[in-house]
Amino acid sequence: MGGKFLEFRVDIEGQTELRRGIAGVDDSVSDLSAAWEGLKEDFYSVQRGIFEAEGAFDGREKWQGLTPAYLKLKKKLKANGSITSLKILQASERLKNSLSGNTSDSVLIMKKMEFAIGTNLEYAIYHQSNKPRKKLPRRAFLTFTKSMRNRWMLIMKNAIKNNINLKLAQQK
């Protein structure tokens, strides 16, 4: 096996949340599609948990609650069918759905050596952003916990190992 180095990096809003290198990777690692499938399923599962628990999932903090006035408005809108949920960040459920399954609002790129996942909803950045704000509280839904980092690295390592083993078996 050669001595190449594979970098695995996760960026959220321009900030690197996870950056790991895997040494000893050779040219036999040319397709990580199996890893992407595992990462996609984990991402969707975590996002479903985050939205169900209104942020408080897998070591994350619960999102700031709705103001009494906004909660009253949401109740009125739900009663007349204008919105589908009283839960935080889920009035239309488009954001939750775009991050927990592949919808027309989702970003999902899975190529042999490239993976991207997220949402293309323009308003999502306002909830995720760390920028100073006056009215809208930050309610981050894309955060990496230690357990998520560990799961993703295990998925990557297993996919690389399987990729190498498959190439070795083909050479026999």
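Please treat every number below as a calculation from the coordinates, not as lab data. All of these numbers come straight from a predicted model, not from anything done at the bench. Please note: Cβ atoms are built from the backbone with ideal geometry, for glycine as well, and neighbour counts cover all protein chains shown.
Between the helical axis of 68-79 and the dominant principal axis of the chain, each derived from Cα atoms, what acute angle in degrees is found, rounded to the nearest 10? Between helix and principal axis, roughly 90 degrees. Among LYS167, LYS146, the ranking by other beta carbons within 10 Å of each residue's beta carbon, starting with the fewest, stands as LYS146, LYS167. Pairs from the table (LYS40/LYS74; LYS112/LYS157; LYS62/LYS131; LYS40/LYS96; LYS131/LYS157; LYS111/LYS172) lying more than 23 angstrom apart at Cα are LYS40/LYS74; LYS131/LYS157; LYS111/LYS172. In the chain, the longest principal axis of the Cα atoms and the axis of helix 146-171 are about 30 degrees apart.
Under a 5 Å amide H cut-off, with hydrogens placed 1.01 Å from N, VAL107 pairs with GLY118, THR119, ASN120 among residues at least 5 apart or on other chains.
Using the Karplus relation 6.51 cos²θ - 1.76 cosθ + 1.60 with θ = phi - 60°, the per-residue 3J(HN,Hα) values for region 45-57 come to 5, 5, 4, 4, x, 4, 5, 4, 8, 6, x, 7, 9 Hz, with x marking Gly and Pro.
Backbone phi angles across region 117-127, fed through the Karplus curve with coefficients 6.51, -1.76 and 1.60 (θ = phi - 60°), yield HN-Hα couplings of 8, x, 9, 10, 5, 4, 6, 4, 4, 5, 7 Hz in residue order; Gly and Pro are listed as x.
The percentage of C-alpha pairs in the chain whose separation is greater than 19 Å is 63%. Remark on GLU17: its backbone amide H falls under 5 Å from those of VAL10, ASP11, ILE12, a criterion applied only to residues 5 or more positions apart or on other chains, H modelled at 1.01 Å from N.
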